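Colleague: This is the structure, below, for whatever I ask next.
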Amino acid sequence: MLLNLKPTFNLSPSLLKTLFITKKTSSFLLNRSRSLKPINPITQFGFRPRKWSQHLCTAAAAAKSADDGAILIRKRRSHVTNQPQQLQMSGKAEKRARRESPSGILLSHLCRCSKESNTEEALRLYDEALLNNVPLNVEHYNKLLYLCSSSNTNLGLKRGFEIYKRMESGNNDTKVVPNEATFTTMARLAAAREDPELAFDLVKKMKEGCGISPRLRSYVPALSGFCKKGMADKAYEVDSYMIDNGVAAEEDELSMLLQVSFDTKREDKVYEMLQRLRATVRQVSEDTATLVEDWFKSDCAKGVGKVKWDAGKVKEAVVKGGGGWHGQGWLGNGRWKVVRTEMDEKGVCQCCGEKLVSVDIDPLETENFATSLSTLACQRETRADFLMFQEWVQKHGPFDAVVDGANLGHIKKNYFDFNELKSAVNSARKLSPSNKLPLVILHSCRVKGRDNGNSRNKTTLQHWKESGALYVTPHGSNDDWYWLYAAISSKCLVVTNDEMRDHLFALLGTSFFPRWKEKHQVRVSVSREGLKFHMPPPYSIVIQESEQGSWHVPTVTGDDFETRRQWVCATRTNS
């Protein structure tokens, strides 16, 4: 008897041969078949689907007798009985199956090789996997290519290109699609082979051929390779391609371009790179500062510059740019005097006597940044909580200062001290022209903590709250979002020693933030006399170009804000 089954799951032809037996046996199989579910191929318990009409015809032709069917049932009984349990494997079991498969074991071994920088063992495992027809995916290849690129040996270079070629030229079953990491690693291999042209071609192939957006690290091998070879025009081409694709060079890349421009005597490009360092980096590392000094001390720098220029045009450019630079090119001529120096409290250079300026921030930029910050905070925080805070700030603000309560409560000790916070708040109150209390942002766990349980602290907290000077952020929130938004929206000072470099602040991803921080952050140190407030400087700590053509380049000081910053001062000796 031929059963009328609906194709709701996969069965092999041999199993379908059992479906012609007596009514009792047919009932048994039907009951079993109802429990079968679609098969997950990862578990490796599935069957290859075929046309159902062929399955049934095969079964009908094979059906000779009920006895034959009974024999087949006995042979298949154990397989069918266990199948539902196998098909319903949990996600954890599936992960374990993948992990314990030949491919999973190989990936685990390659990860270990990567941690140990053992390229030879990784290549041996790769060769062994090929012999045993172990399937490889992009993770396997990326681990292998990374090890080859970091081996700094001819073997690593040779095998790396060989592995990439096999990855790219496989058939439909073995071909693996590369990703950004693959192309970037191959670009590094090309650069190691001193072939920056190939490295650049790989980046262009990634973007134009595969539709993958390269990251900054993807361009570095080509850019670095051209710069090392002194191929300035090709380096500028890579830089231009980066700009066209929305990738911004950082200090290391701009320093490479500055060096190759210096070496090839491209004074116009040296000027451009200094301006780009001013706009994006602001303060430079020691290596970059040394390179800047070498340029100004060179004979090439001595011979470039305008003897006459339009002072009115330069002045107009300075005002339009917000102060601190004009961008009109090298001014003056003759040798430069180059020294390391410091600025006094008012921003006057102790070498040349020139006073640095405070670069303006466009008010519209501040408003746009506050809006962007609010949008991001609502995505990261509970939206209703942050919107409630914004309404509260609008009702009780604006403020003259905002205090990061958690940060100042730890200013002396590794535990939260409410007395230190009170002292900081009282000192911050003096920053207000009207002696107004600053806004204190505190997390709920700080307010309800055992250290705040005494009557004095409770009285202080109640006084702050009644004065509209305390906002308690809810459980599970990140109070950094709250004090930062309050300070930006109120256009006021923020009292905190937080360097604002962690993941949260990196999300802001804008050049506006460091400029705002420089003008609004008040830091606090502890001395025998008590707390000492370090106000924002009255000048901008950024590369500055004066109307007379001199340059002042600040260096990075690190997290110790009391260390005197070193500046490179470059002025014409005949000015």
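Colleague: Can you compute the equivalent ellipsoid semi-axes for region 292-391, i.e. the square root of 5 times each eigenvalue of the Cα gyration tensor, sorted largest first and rounded to whole Å?
Modeller: Taking √(5λ) for each eigenvalue gives 43, 17, 14 Å, largest first.
Colleague: Full-extension gain between E391 and R193, please, as 0.36 nm times their residue separation minus the C-alpha to C-alpha distance.
Modeller: Difference between extended and current length: 65.3 nm.
Colleague: Give me the percent of accessible area attributable to carbon and sulfur for region 338-388, probe 1.4 angstrom.
Modeller: On region 338-388, the fraction of accessible area on carbon and sulfur atoms equals 49 percent.
Colleague: To continue, here is another question. Quick query: amide H of K337 versus all other amide H atoms, modeled in the peptide plane; which residues come in under 5 Å with a sequence gap of 5 or more or a different chain?
Modeller: T571, R572, T573
Colleague: Quick one: net charge around Y271, please, counting Lys, Arg +1 and Asp, Glu -1 for every other residue with C-beta under 12 Å from its C-beta.
Modeller: Net charge around Y271: +1.
Colleague: Further, regarding this structure: What accessible area per residue, rounded to a whole number of Å², is obtained for region 403-513 using a probe radius of 1.4 Å?
Modeller: Result: 47 Å² of accessible area for each residue.
Colleague: In square nanometres, what is the average projected area of the Cα convex hull of region 456-575?
Modeller: 11.6 nm²
Colleague: 5 Å is the cut-off here: which amide hydrogens, built 1.01 Å from N in the peptide plane, fall below it relative to V440, excluding neighbours closer than 5 in sequence?
Modeller: Excluding prolines and chain starts, which carry no amide H, the hits are V403, L470, Y471.
Colleague: Still on this structure, I have one more. Work out, in µm²/s and without decimals, the Stokes-Einstein translational diffusion coefficient of region 104-144 at 25 °C, 0.890 mPa s, Rh from Kirkwood over C-alpha pairs.
Modeller: 246 µm²/s
Colleague: Another question, if that's okay. I'd like the Karplus ³J(HN,Hα) series for region 134-150: coefficients 6.51, -1.76, 1.60, θ = phi - 60°, whole numbers in Hz, and an x wherever there's a Gly or Pro.
Modeller: With the stated coefficients, region 134-150 comes to 6, x, 10, 10, 5, 5, 4, 5, 5, 4, 5, 5, 4, 4, 5, 5, 9 Hz.
Colleague: If you don't mind, there's one more thing I want to ask. With the Cα gyration tensor of region 463-529 giving a ≥ b ≥ c as the square roots of its eigenvalues, does the rule (a/c under 1.5 for rounded; else a/b larger than b/c for prolate; else oblate) give rounded, prolate or oblate?
Modeller: oblate
Colleague: Going by average Cβ density within 10 Å per residue, which order do the peptides 286-295, 220-229 take, highest to lowest?
Modeller: Highest-to-lowest ranking by the protection proxy: 220-229, 286-295.
Colleague: Roll a 1.4 Å probe over the protein chains and send me the accessible area per residue for region 114-184 in Å².
Modeller: Ligands and nucleic acids excluded, the result is 58 Å² per residue.
Colleague: What translational diffusion coefficient, to the nearest whole µm²/s, does region 370-466 have by Stokes-Einstein, given a Kirkwood radius computed over alpha-carbon pairs, a temperature of 25 °C and 0.890 mPa s viscosity?
Modeller: It comes out at roughly 166 µm²/s.
Colleague: Would you mind pulling out the separation of the Cα centroids of region 262-298 and region 107-171, in Å?
Modeller: So the separation of the two Cα centres works out to 40 Å.
Colleague: What is the Rg over Rh value, at two decimals, for region 411-465, using alpha-carbon atoms and the Kirkwood definition of Rh?
Modeller: Rg divided by Rh gives 0.97.
Colleague: For region 273-288, what does the Karplus curve 6.51 cos²θ - 1.76 cosθ + 1.60, with θ = phi - 60°, yield as ³J(HN,Hα) per residue in whole Hz, taken in order and with x for Gly and Pro?
Modeller: Per-residue couplings from phi come out as 5, 5, 5, 5, 5, 4, 6, 10, 9, 6, 10, 9, 6, 4, 4, 5 Hz.
Colleague: Give a residue-ordered list of calculated ³J(HN,Hα) values for region 528-538 (Karplus: 6.51 cos²θ - 1.76 cosθ + 1.60, θ = phi - 60°; whole Hz; x for Gly, Pro).
Modeller: 5, 7, x, 7, 10, 8, 10, 6, x, x, x
Colleague: Please label the shape of region 239-346 as rounded, prolate or oblate, based on the square roots a ≥ b ≥ c of the eigenvalues of the alpha-carbon gyration tensor (a/c under 1.5 means rounded; beyond that, a/b larger than b/c means prolate, else oblate).
Modeller: Verdict is rounded for region 239-346.
Colleague: Right, something else. What fraction of the Cα pairs in region 83-165, stated in percent, has a spacing above 18 angstrom?
Modeller: 46 percent
Colleague: Carbon and sulfur: what percent of region 92-213's accessible surface (1.4 Å probe)?
Modeller: Using a 1.4 Å probe with all protein chains present, region 92-213 comes out at 48 percent carbon and sulfur.
Colleague: In whole Å, largest first, what are the principal axis extents of the Cα atoms in region 159-222?
Modeller: 33, 26, 15
Colleague: Tell me, what is the per residue accessible area of region 216-303 in Å², probe radius 1.4 Å?
Modeller: Value for region 216-303: 43 Å² per residue.
Colleague: Once you have a ≥ b ≥ c as the square roots of the Cα gyration tensor eigenvalues for region 237-291, tell me rounded if a/c is under 1.5, and otherwise prolate or oblate according to whether a/b is larger than b/c.
Modeller: In terms of gyration-tensor shape, oblate.
Colleague: To continue, here is another question. How much net charge surrounds T571 when only other residues with a Cβ under 14 Å from its Cβ are counted (Lys, Arg +1; Asp, Glu -1)?
Modeller: Its environment carries a net charge of +3.
Colleague: Highest mean first, what order results for 348-358, 240-250, 257-267 on Cβ atoms within 10 Å?
Modeller: The most tightly packed comes first, giving 257-267, 348-358, 240-250.
Colleague: Here's a follow-up. Quick one: the Cα spread of region 198-252 along its three principal axes, in angstroms, biggest first?
Modeller: 30, 23, 16
Colleague: Let me ask something else about it. Among 417-428, 127-138, what's the highest-first ranking by average C-beta atoms within 10 angstrom per residue?
Modeller: Packing order, densest peptide first, comes out as 417-428, 127-138.
The values are calculated or read from the model by the stated rules, or taken from the named source; none is laboratory data. Keep in mind that this is a model prediction, so the values were computed, not measured. All Cβ positions, even for glycine, are placed from backbone atoms using ideal geometry, and neighbour counts span all protein chains on display. These accessible areas exclude ligands, DNA and RNA; they are computed on the full protein's heavy atoms, side chains included. Shrake-Rupley method; radii C 1.70, N 1.55, O 1.52, S 1.80 Å.
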